[in-house]
Amino acid sequence: MRILFLDLDTLRADHLGCYGYLRDTSPNIDKIAKEGVRFNNYYTPNAPCLPSRAALITGKFGIHSGIVNHGGSTADIDKEGADRGFTSEIGNESLIAMLRKAGFKTVSISPFAERHSAYWFYSGFNEMHNTGKGGMESAEDVTPVVMDWLDRNAMEDNWFLHINYWDAHGPYRAPDEFGNPFENEPIPEWITEEVMQKHAKKIGPHSVNDIHMYNCTPWPDYPKYPGSISGLEGAKIMMDGYDCGIKYMDSHIGQIINSLKEKGVWDDTAVIVTADHAENMGELGIWGEHGTADNITPKIPMIIRWPGMEKGISDDGLHYNLDLAPTLAKLLDQKCMPSWEGESYLLALQGKDCGREELILEQCVHVAQRSVRFGDWLYMKTYHDGYHLFPDEMLFNVTEDPYEQNDLAKEYPEKCHEGAWRIFNWHGRMMATKKDAVDPLWQTIRDGGPFHAKGELAGYVERLRGTDREQGIEELIRKHPEEFED
């Protein structure tokens with residue numbers, strides 16, 4: 001058989017038509033969803049980019065693989081030490097290595113390994129095609145490589161083709177000639193003038209006054225990705241840019257579908273549509289970034305169209321992206337690897353209920369946070385706030401409040417206690433099965449903090465002086481005195 005894996009960087013599930021979005025961003029992805037199973041509660045345990053794909057490929061939580069950050073000592077896979085064999089664990093047990101053992105020719109079209117110096121990502125691939133722009137690719141850079149490969153190989157049997165598109169990742173860069181299909185369409189109703197007034201007072205990277213993390217300097221080459229956001233008009237510019245990236249990418253996915261149909265292989269090709277992480281579009285006052293362990297950044301789309309499985313249904317169970325490896329192993333009659341920590345959701349593809357009781361979510365790249373999703377709730381514990389001045393604990397009812405507007409930590413202390421207990425219990429299990437006693441989250445903090453919040457505070461404080469956000473300086477210095485030590 002053939003497997004097409006569409007790895008769509010920074011794609012929010014709820015910005016796709018098949019997940020109920022009000023805008024027509026994804027007609028081709030929507031067609032795939034009608035022919036497969038749509039997963040409504042699918043998360044990466046470690047966000048964003050590098051930690052997420054590490055979880056996917058290794059089948060392990062970041063606390064065990066060692067990869068939770070974008071730099072420093074927690075951005076590389078932990079060494080195996082004296083137990084390492086002639087070939088490494090990931091060389092033998094990666095998701096892609098399993099597919100090779102199942103008889104697939106495995107191919108990746110992606111710049112990801114070079115972007116993050118994550119060359120372990122290639123483990124198990126027969127062919128690797130680097131599209132060469134380190135994640136600044138637009139779809140027109142990627143699709144010709146895909147089409148060339150399909151022209152030469154599509155009619156062969158037993159291939160797995162991983163395709164990585166980046167158009168939903170900032171800076172949003174759909175070409176000028178694509179225009180703005182959403183120019184006359186509204187943005188989601190929850191974004192109001194009152195919300196934007198609150199956001200104008202927000203302190204921290206990727207707030208409306210600091211879209212480029214710690215500044216608002218516009219990028220002339222990327223008008224769809226502004227330097228700052230002013231009111232509802234600015235919010236619309238930002239969201240239009242993001243949605244244009246999705247629709248432009250979707251149009252290229254349509255080209256791939258048409259090519260496979262023309263070659264007569266579409267009907268027996270399995271298709272997997274997913275992402276590494278999502279993108280905050282105003283939640284927690286953050287715009288155009290994937291910097292938290294909330295219910296937005298780690299929540300990703302997952303659509304599986306698999307010949308012989310259910311069509312046009314959805315699954316509400318709780319799942320991780322690292323659960324894909326054992327699911328594919330069962331579908332392909334392969335053994336699960338000893339190092340994998342995932343749980344198969346094959347039952348969901350057969351239209352049956354399955355899923356986890358809870359999901360532990362982690363972010364150590366922009367902030368240091370652990371969260372737990374259980375039932376309707378998301379409890380969030382912050383260890384390093386990334387200069388956002390987040391409280392130590394937050395609690396959201398994500399069923400009633402999907403955009404995280406109401407922190408209920410003070411109203412429901414019993415739910416906070418339950419969330420903290422769930423994280424504590426999970427942490428104990430994880431540490432008990434580690435070869436060493438190092439928790440990568442705490443190692444990240446000891447290394448000086450999350451990669452994108454490391455050594456930036458002094459300059460950011462100076463930026464805040466003399467503005468109407470100056471009142472937050474004292475609290476920033478109190479919470480992060482180490483940034484001002486000689």
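The values are calculated or read from the model by the stated rules, or taken from the named source; none is laboratory data. The structure presented is a predicted model; accordingly, all values stated were derived computationally and were not measured. Using ideal geometry, Cβ is built from the backbone for each residue, glycine included, and neighbour counts are taken over all protein chains shown.
Taking the criterion of being part of a loop (DSSP other than H, G, I, E, B) and over 26 Å from residue 180 (Cα atoms), the residues of the stretch 1-45 that qualify are 1, 35, 36, 40, 41, 44, 45. The residues of the stretch 87-134 that are assigned to a loop (DSSP other than H, G, I, E, B), buried (at least 19 other Cβ atoms within 10 Å of the Cβ) and of a type in the set (Val, Ile, Thr) amount to a single one, 131.
Each residue in the stretch 159-196 was checked for being outside any loop (DSSP other than H, G, I, E, B) and without any contact (Cβ under 8 Å) to a residue 24 or more places away in the chain, and 3 of them qualify. The sole residue among 418, 411, 404 that is crowded, with 16+ Cβ neighbours inside 10 Å, modelled with pLDDT of 95 or more and part of a loop (DSSP other than H, G, I, E, B) is 404. Among the residues of the stretch 270-286, those that are within 15 Å of the chain's Cα centre (by Cα) and in a strand (DSSP E or B) comprise 273, 274, 280, 281. Checked against (1) under 30 Å from residue 216 (Cβ atoms); (2) in a helix (DSSP H, G or I), residue 455 passes all but a single condition, namely (2).
Taking (1) of a type in the set (S, T, N, Q); (2) in contact with a Pro (Cβ under 9 Å, 6 or more places away or on another chain); (3) not in a loop (DSSP other than H, G, I, E, B) in turn, residue 327 satisfies each apart from (2). When residue 237 is tested against (1) in a helix (DSSP H, G or I); (2) closer than 30 Å to residue 157 by Cα; (3) of a type in the set (Val, Ile, Thr), just one condition goes unmet, and that condition is (2).
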